[in-house]
1. Evaluate the range 20-29: report whether one residue or more is closer than 12 Å to VAL71 by Cα and charged (D, E, K, R).
2. Of these, GLY117, GLY138, which one is touching a Phe, Trp or Tyr at 6+ places or on another chain (Cβ under 8 Å) and not in a helix (DSSP H, G or I)?
3. Which residues, counting only those in the range 106-118, are under 13 Å from VAL163 (Cβ atoms) and either surrounded by 10 or more Cβ atoms within 10 Å (Cβ to Cβ) or modelled with pLDDT of 90 or more (or both)?
4. Within the range 67-75, identify whether any single residue is at positive phi, modelled with pLDDT of 85 or more and more than 36 Å from the chain's Cα centre (by Cα), and answer yes or no.
5. Tell me which residues, restricted to the range 65-88, are more than 21 Å from GLU24 (Cβ to Cβ) and open to solvent by 100 Å² or more (accessible area, probe 1.4 Å).
6. Quick one: in the range 119-158, which of the residues that are touching a strand residue (DSSP E or B) at 6+ places or on another chain (Cβ under 8 Å) and not β-branched (Val, Ile, Thr) is surrounded by the most Cβ atoms within 10 Å (Cβ to Cβ)?
7. Can you find even one residue in the range 80-98 that is touching a residue at least 12 places away in the same chain (Cβ under 8 Å) and on the phi < 0 side of the Ramachandran plot?
Amino acid sequence: MFFKILIYYILGYVNISVEGYFIERFINICISKGILLWNLKRKKSSFLYANIGMKEFKKIKEIAKITKCRVKIERKKGLPFILHRYKKRKLFFAALIVVILFIFGMSNFVWNIEVTGNNTISKEEIMTEVSNSGLKLGILKQKIDTKNIINNLRLKRDDIAWVRNTP
């Protein structure tokens, strides 16, 4: 049920108010036709507030005529309505997409190398050995062979017993 409601948020849904004396019949016909109503709230005996998907709202009009109920849209919610509200701001969305792509692109590079837990060997010595093995700032993460770098570091230095890489 939650997954369906999430899909309706992406596709768009409306808050409706139904007014009439045959609200129970209205709900029963909706259920029999497979129309999903959620967040049903009844106010008095002749008012009903509910949420319904945009595509299913057209089917509701026929049911409202049959049951002699009046259906009114209270609020429109969901992604299509938000995008429609900001459709004139195309440059904003283009800049947002560029920033998101830039962040994802830059996250594929190594920007920091940290050496911790060493007491006898200086950080500079370890960093030179690691950079000679192929790990440098600005390199693509896919081009890094961590097993090879760790093995080279342990083979070249006898005073190193253990090396660990962290993501």
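The values are calculated or read from the model by the stated rules, or taken from the named source; none is laboratory data. As the structure is a computational prediction, the values presented were derived from the model and not from experiment. Cβ placement follows ideal geometry from the backbone for every residue including glycine, while neighbour counts extend to all protein chains displayed. Note: areas computed on protein heavy atoms with side chains; ligands, DNA, RNA excluded. Shrake-Rupley method; radii C 1.70, N 1.55, O 1.52, S 1.80 Å.
1. Within the range 20-29, none of the residues are closer than 12 Å to VAL71 by Cα and charged (D, E, K, R).
2. Values: GLY117 fails: touching a Phe, Trp or Tyr at 6+ places or on another chain (Cβ under 8 Å).
Going through GLY117, GLY138 in turn, the sole match is GLY138.
3. ILE113, VAL115, ASN118
4. Yes, the conditions are met somewhere in the range 67-75.
5. ARG75, LYS76, HIS84, ARG85, LYS87, LYS88
6. Pass one, the range 119-158, residues touching a strand residue (DSSP E or B) at 6+ places or on another chain (Cβ under 8 Å): 138-141.
With the extra rule that they be not β-branched (Val, Ile, Thr), the set shrinks to 138, 140-141.
Numbers: GLY138: 7, LEU140: 9, LYS141: 11.
Among those that are touching a strand residue (DSSP E or B) at 6+ places or on another chain (Cβ under 8 Å) and not β-branched (Val, Ile, Thr), it is LYS141.
7. yes
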